[in-house]
Amino acid sequence: MGHTFLMEAGRWTLQGNWLERHEMPITVSGRTLVAWGRENWFTMVTKLSFPGSAREEISLQYRGRFDAGERQYTFVLQHNLLGRVEGEGWVTPDSIVQRYWVLGDRQRRTGFDTLHRLNENTYYFSSGIMAGHYLTSTMEATVERQPQSYS
């Protein structure tokens, strides 16, 4: 069974928990749209919200490219809180793992994401953001593919 998240165009929802240093976990929910263009280029747009919390929404806009026949990709990302970000990802048999770094950031923020496939429609997502050598926030969530609607 191959990956469906990122590797195929589609709509996904996310539901889980966000945790920041010295804070209690809060609920996070979100939506992701993945689209594919020519020559192995993809775009991915994600919006995260925090129901019942005063925390600001997070929006992420990715543009990335797989090398032909490769299981590795690079991407650029515009993040509404972190700014301009670059990263790389690897597609393993059961997971998609990516790391990223914030450009021109005095705090030296970096992060990582892992999406572990549970089945073709569901992934378990785990991520973290670091400043220097210290973990500042983490997120864990279930990501589920939404049925395509034909209007």
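The values are calculated or read from the model by the stated rules, or taken from the named source; none is laboratory data. Values in this document were obtained by computation on a predicted structure and should not be read as measured data. Every residue, glycine as well, gets a Cβ built from its backbone with ideal geometry; the counts of neighbours run over all protein chains shown. What goes into the accessible areas is simple: the full protein's heavy atoms, side chains included, and nothing from ligands, DNA or RNA. Shrake-Rupley method; radii C 1.70, N 1.55, O 1.52, S 1.80 Å.
Things to note:
- Relative contact order (%) - the range 98-151, alpha-carbon pairs under 8 angstrom, separation at least six: 26
- Relative contact order for the chain, counting Cα pairs under 8 Å that sit 6 or more residues apart, in percent: 20
- LEU135-ARG31 pseudo-label distance in nm [points 7 Å out on the Cα-to-Cβ vector]: 3.1
- Here the scattering of the chain is modelled by Debye summation over its C-alpha atoms, one equal scatterer each and no solvent; at q = 0.20 Å⁻¹ the log10 of I(q)/I(0) is -1.45.
- In the full protein context, the range 7-131 carries 59 Å² of accessible surface per residue, based on a 1.4 Å probe and ignoring ligands, DNA and RNA.
- Accessible carbon and sulfur surface of the chain relative to its total accessible area, %, 1.4 Å: 50
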